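Written out below as structure tokens is the structure these notes cover.
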There are 2 protein chains.
Amino acid sequence: MSSLPSPFCDLTTELAHLPGIGPRSAERIALYMVQADPAAMRRLAETIVAARERIHPCQTCGALTEQQPCAICGDSRRDATRICVVEQPVDILALEKAHSFTGRYHVLGGVISPLNGVEPEDLRIENLRPRLETEPVTELILALSTSVEGDATSHYLCRRFARPGLRITRIAYGLPAGSGLEFADEITLARALEGRREL
Amino acid sequence: MSSLPSPFCDLTTELAHLPGIGPRSAERIALYMVQADPAAMRRLAETIVAARERIHPCQTCGALTEQQPCAICGDSRRDATRICVVEQPVDILALEKAHSFTGRYHVLGGVISPLNGVEPEDLRIENLRPRLETEPVTELILALSTSVEGDATSHYLCRRFARPGLRITRIAYGLPAGSGLEFADEITLARALEGRREL
């Protein structure tokens with residue numbers, strides 16, 4: 001009885017800890033890695049370490065950044081009266097690509113999900129309070145995912161931060177661009193009808 | 001307009017080169033990595049480099065090994081009269097787990113697939129010839145995958161290495177253990193019938 005060499009097994013075990021990588025993919029990636037160009041693998045290893053060491057959450061908004069505060073929080077040309085609340089740092093990139101929001105962001109780090117053990121205190125919710133007190137915020141735009149947890153988190157934030165002079169809004173739910181009615185599920189359609197506007 | 005920090009983008013690009021990792025998974029893994037325990041990420045990086053540096057193909061059979069020759073090629077108790085030809089080093093582990101083969105192995109590194117640019121000379125096929133000349137081999141067992149390419153490669157090896165005194169066999173195709181007829185596709189069934197044996 002023989003087995004695979006231990007550095008290979010160690011590698012497979014480590015890779016299987018990454019999100020979305022099961023034991024079979026881990027084995028496939030490890031097989032690729034031990035046969036790849038050694039210089040490319042050293043570069044990958046260095047890139048992982050460099051990214052982990054150089055990138056930190058912005059202490060204000062939670063975005064991934066190399067500087068404190070991040071480029072958006074530190075940009076005085078951005079509209080300081082609006083904060084858009086998102087789940088993950090990458091959501092900021094998606095919104096920035098849409099070129100239609102010029103305010104600042106706040107990253108929660110996820111949504112409230114008691115079934116998955118995520119309680120409000122596990123998210124960057126309390127960090128939002130000092131911002132609402134010190135920044136001239138008049139609108140909090142909730143841009144969370146359209147799931148049960150996303151909705152529950154939006155309602156929680158709304159109850160938590162409601163105060164006179166602060167509008168709390170939610171991005172629209174409806175048909176995605178370029179899609180037809182026949183591809184939309186019933187919940188999307190119900191929400192699209194609910195959110196209809198005068199032409 | 002802001003963007004993600006460059007170490008993050010570099011990481012996403014590097015990860016997307018790994019097999020089975022698309023741009024979305026790469027982003028998800030990168031997001032996990034930059035927020036994970038820094039010590040765990042250093043350990044992952046070291047494991048990648050260690051595996052790449054310490055593991056090499058066995059110069060005889062092509063299995064992944066830290067020593068030359070590998071544990072199987074160097075084990076004099078193994079039956080030297082049989083060589084089992086497989087596609088990948090991990091296939092050896094699968095066969096060893098079955099505990100029914102006591103001979104040696106030969107790893108091709110893939111199958112012949114002109115459409116994917118894999119020609120016979122890209123595989124460890126020529127390395128098999130000196131083994132057949134110097135080792136007391138009487139049977140070459142082909143254990144390649146049951147695909148068009150696997151079949152074509154088996155036929156190629158058969159033509160290439162046929163000689164008096166050398167049996168060239170192929171592992172059986174048929175119903176997998178624990179499965180019923182109703183789950184088998186027509187090719188599997190045709191092959192299972194074709195390969196029927198006297199009881």
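List of remarks:
- Note on region B:52-70: residues that are at the interface with chain A (Cβ under 10 Å from one of its Cβ atoms) and surrounded by fewer than 20 Cβ atoms within 10 Å (Cβ to Cβ) total 6.
- Residue match in region A:125-144 (condition: closer than 20 Å to A:His56 by Cβ, out of contact with any Asp or Glu (no Cβ under 7 Å at 6 or more places or on another chain) and within 13 Å of another protein chain (Cβ to nearest Cβ)): no
- B:Val49 being β-branched (Val, Ile, Thr), surrounded by 15 or more Cβ atoms within 10 Å (Cβ to Cβ) and over 19 Å from A:Val34 (Cβ atoms): no
- Residue in region B:71-93 that is surrounded by 17 or more Cβ atoms within 10 Å (Cβ to Cβ), out of contact with any helix residue (DSSP H, G or I) (no Cβ under 7 Å at 6 or more places or on another chain), assigned to a loop (DSSP other than H, G, I, E, B) and at the interface with chain A (Cβ under 8 Å from one of its Cβ atoms) present: yes
- Filter result for B:Ala39 (surrounded by fewer than 18 Cβ atoms within 10 Å (Cβ to Cβ), among the small types (Gly, Ala, Ser) and either within 8 Å of another protein chain (Cβ to nearest Cβ) or in a helix (DSSP H, G or I) (or both)): yes
- Residue match in region B:169-185 (condition: among the aliphatic types (A, V, I, L, M), in contact with a strand residue (DSSP E or B) (Cβ under 7 Å, 6 or more places away or on another chain) and within 16 Å of B:Gly62 (Cβ to Cβ)): no
- Selection count where residues are touching a helix residue (DSSP H, G or I) at 6+ places or on another chain (Cβ under 9 Å) and facing chain B (nearest Cβ under 10 Å), scope region A:94-124: 2
- Taking helices (runs of 4 or more DSSP H) as the structural unit, those lying wholly within region B:104-199 and holding at least 3 residues that are within 20 Å of B:Arg82 (Cα to Cα) correspond to B:128-134, B:148-161.
- If you go through region B:10-36 and pick out every residue that is loosely packed, with under 14 Cβ neighbours inside 10 Å and not in a helix (DSSP H, G or I), you end up with 4.
- Scanning region B:1-29 for residues that are under 19 Å from A:Thr12 (Cα atoms) and within 7 Å of chain A (Cβ to nearest Cβ) yields B:Glu14, B:Leu18, B:Pro19, B:Gly20, B:Ser25, B:Arg28, B:Ile29.
- Top-ranked residue of region A:140-199 - restricted to ones that are more than 29 Å from A:Leu115 (Cα to Cα) and modelled with pLDDT of 90 or more, ranked as surrounded by the fewest Cβ atoms within 10 Å (Cβ to Cβ): A:Pro164
The values are calculated or read from the model by the stated rules, or taken from the named source; none is laboratory data. It should be emphasised that the depicted structure is a prediction, and the values quoted were computed from it without experimental measurement. When we count neighbours, we look across all protein chains shown, and the Cβ atoms used for this are built from the backbone with ideal geometry, even at glycine.
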